[in-house]
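The values are calculated or read from the model by the stated rules, or taken from the named source; none is laboratory data. None of these values were measured; they are calculated from a predicted model. Every residue, glycine as well, gets a Cβ built from its backbone with ideal geometry; the counts of neighbours run over all protein chains shown.
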Amino acid sequence: MGRRLAIAVVFATSAAILIVEITAGRLLAPYVGVSLETFTAIIGVILAGIATGAGVGGWLADRHDPRRLLGPSLFVGGALVWVAVPIVRAIGPEVDGNPLDIVVLATMAFFLPAAVLSASTPIVAKLRLSTLEETGSVFGGLSAAGTFGGLAGTFLTGFVLVALLGTRTIMFVVGLLLVVGGLLLEWTLRRGLPAASTAVVFVISGLAVYGFPPECDVETRYACASVVVDEDDPSIRSLYLDTLHHARVDLDDPTNLELRYIRLFADVAAALPPGPVDALHIGGGGFTIPTHLAAVRPGTSSHVIEIDPGVVDIAEEHLGLETGPDLTVEVRDARMAVPELGDDVYDLVVGDAFSGLSVPWHLTTVELAEEVDRVLRDGGIYVLNVIDGGDSAFARAELATLRQVFDHVQVILPGGEPPDASRNQVIVASDRPIPDLDIDPDDGVLRDEAFVADYVDGAEVLTDDHAPVDQLLSG
């Protein structure tokens, strides 16, 4: 086998494995969220597949003619890439989201593609070795080709493909290229092609990618998003991100707030002195609170930091978002954006960047809380939504974190007590005593600082050095 062809095969299969690995995160996100545990499971399963494929591929190459093995390792691997999509779509809705379930789902979908494609490297090495004197250069060259292929697949997927194409299209194209490449190798090395029945199986596998539609209307850079129009009132629309209900917007009446935690945000904002306010919003979602404040407090200035440009586009196209001098949007990670804001410029900071399946840990730490405190004026309020239940380990840790920075921290709990199941717990923090809040008892009960002190009960403070948010939520 020629050197250039050998390097090309190893480069391509390694790139394909890394493309599948990164795309796997988007495929699993609607069912298990985007968390450390999700990526840990995916990386672990892919590495297990690579190790298994390398071992088995080498064993087979020593016992069989490698010319009979290389083509099938590519076109079978391509077919398995195709099949991974319907496996995730079919099994994903049944997964609970605990670490074991995530590993099982990732294994069922992605272990075999990684293993079969990884088998190509030792097979190529067997074809390239003509003398033991070339062992170092052959294996070194193939190792370098595999590493550079992995790098190319990583950068291409993370920076280009995910934003440009949907996950199904990425998986279909990768599978197609592998199948075609495998067939070409089969013809080049053996002057033959698989039987017609095998070709039918490949066609069915490829079509299976599109047999299970995604759980959303559009895939943004960070989420699987859908907008659902209310059947009884077309002016009311709901935003779903990764199948979770993130916003419910009334296009005709921005004061109509239908989600409980959004009403609580509005109740906290209403406790500020009368008149327009300057508000910072960490997370955009449906942009419900910025538009609400503009309606009930004319002249209010809102600056929204939203990491996902796709969410902004959806809000503008479907949820009535209109930006202007009084409502500006910055598409950026809030952790990088907030430190660049001025001191004492906001009366209200609204934290709405957490969901039940995905919590950006770097927005939970004491370091960010200090930045929020810096941009708040004297008497300003930081209100944020946390979704947690059971022992509420994450909610309690976030309360402990904010108590390190703010002099006064309270929490609004559904029914007045920590919920058994995951529900919205709204935290209110300020350097001044928190004013009386007019809260509907059906929405929640404001618990005072004495309750918070007992509720925290030794929970750890989250820092940039240690913020095990995913483990706290799953515990």
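ILE102: under 29 Å from the mean Cα position of the chain (by Cα), surrounded by fewer than 16 Cβ atoms within 10 Å (Cβ to Cβ) and within 14 Å of ALA24 (Cβ to Cβ), yes or no? Judged against the criteria, ILE102 is not a match.
Among the conditions (1) within 27 Å of the chain's Cα centre (by Cα); (2) in a loop (DSSP other than H, G, I, E, B); (3) under 29 Å from ASP278 (Cβ atoms), ASP436 misses just one, which is (1).
Tally time: how many residues in region 15-37 are in a helix (DSSP H, G or I) and polar (S, T, N, Q)?
Pass one, region 15-37, residues in a helix (DSSP H, G or I): 15-32, 36-37.
Filter once more, keeping what is polar (S, T, N, Q): 23.
Qualifying residue count for the region: 1.
Looking across VAL277, VAL209, VAL249, one residue alone is in contact with a helix residue (DSSP H, G or I) (Cβ under 8 Å, 6 or more places away or on another chain), in the same structural domain as VAL180 (by TED's automatic domain parsing) and surrounded by 14 or more Cβ atoms within 10 Å (Cβ to Cβ). It is VAL209.
Being aromatic (Phe, Trp, Tyr), assigned by TED's automatic domain parsing to the domain that holds LEU47, at pLDDT 85 or above and under 18 Å from THR13 (Cβ atoms) holds for only one residue in PHE159, PHE155, and it is PHE155.
From THR52, THR40, grab the single residue that is among the polar types (S, T, N, Q), free of Cβ contacts under 8 Å to residues at least 60 places away in the same chain, in a helix (DSSP H, G or I) and out of contact with any strand residue (DSSP E or B) (no Cβ under 6 Å at 6 or more places or on another chain). Before you say what the answer is, go through the steps one by one.
On the way: THR52 fails: free of Cβ contacts under 8 Å to residues at least 60 places away in the same chain.
Step by step, each of THR52, THR40 is checked, and only THR40 is among the polar types (S, T, N, Q), free of Cβ contacts under 8 Å to residues at least 60 places away in the same chain, in a helix (DSSP H, G or I) and out of contact with any strand residue (DSSP E or B) (no Cβ under 6 Å at 6 or more places or on another chain).
Within region 439-460, count every residue that is in a helix (DSSP H, G or I) and out of contact with any His (no Cβ under 9 Å at 6 or more places or on another chain). I'd like the intermediate steps shown before the answer.
So the first thing to find is which residues in region 439-460 are in a helix (DSSP H, G or I), and the list is 449-456.
Narrowing the set further to residues that are out of contact with any His (no Cβ under 9 Å at 6 or more places or on another chain) leaves 450-456.
Qualifying residue count for the region: 7.
Return yes or no: is THR401 closer than 30 Å to ILE102 by Cα, surrounded by fewer than 18 Cβ atoms within 10 Å (Cβ to Cβ), assigned by TED's automatic domain parsing to the domain that holds LEU272 and in contact with a helix residue (DSSP H, G or I) (Cβ under 8 Å, 6 or more places away or on another chain)? Even if it seems obvious, please write down each step before you answer.
Values: closer than 30 Å to ILE102 by Cα: yes; surrounded by fewer than 18 Cβ atoms within 10 Å (Cβ to Cβ): no; assigned by TED's automatic domain parsing to the domain that holds LEU272: yes; in contact with a helix residue (DSSP H, G or I) (Cβ under 8 Å, 6 or more places away or on another chain): yes.
Here the answer is no, as THR401 does not meet what is asked.
Quick grid of which residues meet (1) within 22 Å of ASN424 (Cα to Cα); (2) out of contact with any Pro (no Cβ under 8 Å at 6 or more places or on another chain); (3) assigned to a loop (DSSP other than H, G, I, E, B); (4) among the hydrophobic types (A, V, I, L, M, F, W, C):
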{"site": "SER226", "(1), (2), (3), (4)": "yes, yes, no, no"}
{"site": "ASP233", "(1), (2), (3), (4)": "no, yes, yes, no"}
{"site": "HIS246", "(1), (2), (3), (4)": "yes, yes, no, no"}
{"site": "THR255", "(1), (2), (3), (4)": "yes, yes, yes, no"}
{"site": "PRO276", "(1), (2), (3), (4)": "no, no, yes, no"}
{"site": "SER302", "(1), (2), (3), (4)": "no, no, no, no"}
{"site": "GLY310", "(1), (2), (3), (4)": "no, yes, no, no"}
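Just one of the listed residues (ARG221, ARG260) is of a type in the set (Lys, Arg) and out of contact with any strand residue (DSSP E or B) (no Cβ under 9 Å at 6 or more places or on another chain), and it is ARG221.
In this structure, is PRO441 closer than 18 Å to VAL349 by Cβ and loosely packed, with under 15 Cβ neighbours inside 10 Å? First the steps, then the outcome.
Numbers: closer than 18 Å to VAL349 by Cβ: no; loosely packed, with under 15 Cβ neighbours inside 10 Å: yes.
Taking the combined requirement at face value, the residue does not satisfy it.
For the residues GLY71, GLY181, GLY153, GLY166, the requirement of being in contact with a strand residue (DSSP E or B) (Cβ under 8 Å, 6 or more places away or on another chain) and not hydroxyl-bearing (Ser, Thr, Tyr) singles out GLY166.
Counting only residues that are buried (at least 22 other Cβ atoms within 10 Å of the Cβ) and farther than 22 Å from ALA225 by Cβ, region 26-49 holds 4 of them.
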